[in-house]
Each structure stands twice: as C-alpha cells, then as structure tokens.
Amino acid sequence: MHKTRFGWVIWVLAAVVVIAALLRLFVLQPYAISSNSMEPTLLNGDRILVNRFAYQYGAPARGDIVVFAYPKDTSRTFVKRVIAVEGESVELKGNQVYVNGALVQEPYLKQGDYSPFEPETIPAENIFVLGDNRRESGDSREWGVLPQSYIIGKAWLVYNPLQRLKFFW
C-alpha cells in the first residue's frame, strides 16, 4: 500500500510540473514592468503574468492592458491600456479622452496635464494605446496606432510584490 501511495504522489507531481510547463510555454508569460508609464495601475518593478492566448479568438477591448512589441523596435516590449479599437475615433482634449465623441471615464488615470491629440479613426486590425500616466508615457500619441499583430498578450495578474496582488479581468 505504501508503494502505491508513493507512486500516486510521483504521478501527481509529474502532472503538475507538465501542466505548469505547458501553461508557461503556451499561455502565461511573466513580464517585469520597467517604467512609470502605467502608474498608478502598474508600478516600476511590478511583475505581471501575461495571457498570451487571450486574443487567439477575439480582439482587444477598450480598457484591456496589453503587452506588445514596440513598433519602432520590435526587440523591446511595452505595456499600455487599449483606448480605442478599429473603426473608432479617438481624440484627447482638455485632459480628457473621447471615443466616437463620447467622454471615456478613466478612474485608473494618474492625474496631470497632457497634450491634446487631434481626432483619428483607428484603421482595421489596429488599436490605439495610452499609458495611465500620460505625462510619462510613450504611446500611440507619439508613434501611431498599434497593429494587433504586435500584441503578445493581455495583462492577467500582478503577482509580485505580493501586497499588490491583483487580477485584470
């Protein structure tokens, strides 16, 4: 009986290791935040898990936090919030964001002045992204819309430091 339990424990541990490896390889990817551009939502030094499978069968939605290859240097990765998706018009004026002419409520935003952005309609298969800390963020205002093909995944969880543990649904 003792050998049977031991064998069962080994099989369970092996299964856990295999499942964890498959999740890491195909679904979840760790990512370290290395700037202040997403404050107060994500802080410099936070570690997050990114769901690489999130957009396999769907498109990003306004409010999603995405990790992507930087369009001007694809060897670098950035993390920003989706503000507008294909077919929508986006404009920034008076420190407010308007999508299709309607004011977007942004309770996550770090307060401060930032420059206006003239209305632009987002082309097919592209998104418009901004950092939550608009004064400290290089984003679509600077380098244009982001092709969806550059997206690595959707931020899913802040896991380190533990006191900042939170999920992004």
The listed residue being at pLDDT 95 or above and surrounded by 14 or more Cβ atoms within 10 Å (Cβ to Cβ), out of 69, 54: 69
Residue that is most open to solvent (accessible area, probe 1.4 Å), among those in the range 144-169 that are under 23 Å from residue 70 (Cβ atoms) and part of a helix (DSSP H, G or I): 149
Residue selected from the range 112-122 under the condition more than 20 Å from the chain's Cα centre (by Cα) and either among the polar types (S, T, N, Q) or assigned to a loop (DSSP other than H, G, I, E, B) (or both), by the criterion surrounded by the most Cβ atoms within 10 Å (Cβ to Cβ): 114
Positions within the range 91-111 being open to solvent by less than 20 Å² (accessible area, probe 1.4 Å) and either at pLDDT below 95 or over 22 Å from residue 70 (Cβ atoms) (or both), in sequence order: 99
Which numbered condition residue 167 fails, given (1) over 26 Å from residue 101 (Cβ atoms); (2) hydrophobic (A, V, I, L, M, F, W, C); (3) at pLDDT 95 or above: (3)
The range 123-132 - residue that is open to solvent by 10 Å² or more (accessible area, probe 1.4 Å) and in a loop (DSSP other than H, G, I, E, B) and, of those, nearest to residue 70 (Cα to Cα): 125
Qualifying residue in the range 107-116 (condition: more than 28 Å from residue 45 (Cα to Cα) and small (Gly, Ala, Ser)): no
Qualifying positions in the range 72-90 - over 15 Å from residue 152 (Cα atoms), open to solvent by less than 40 Å² (accessible area, probe 1.4 Å) and not charged (D, E, K, R): 83, 84, 85, 89, 90
Restricting the range 83-111 to residues that are within 18 Å of the chain's Cα centre (by Cα) and part of a loop (DSSP other than H, G, I, E, B), the residue that is nearest to residue 151 (Cα to Cα): 86
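The values are calculated or read from the model by the stated rules, or taken from the named source; none is laboratory data. This structure is a prediction, so every number in the text was calculated from the model and none was measured. All Cβ positions, glycine included, derive from the backbone under ideal geometry; neighbour counts span all protein chains shown. The accessibility values were calculated without ligands, DNA or RNA, using every heavy atom of the protein model including side chains. Shrake-Rupley method; radii C 1.70, N 1.55, O 1.52, S 1.80 Å.
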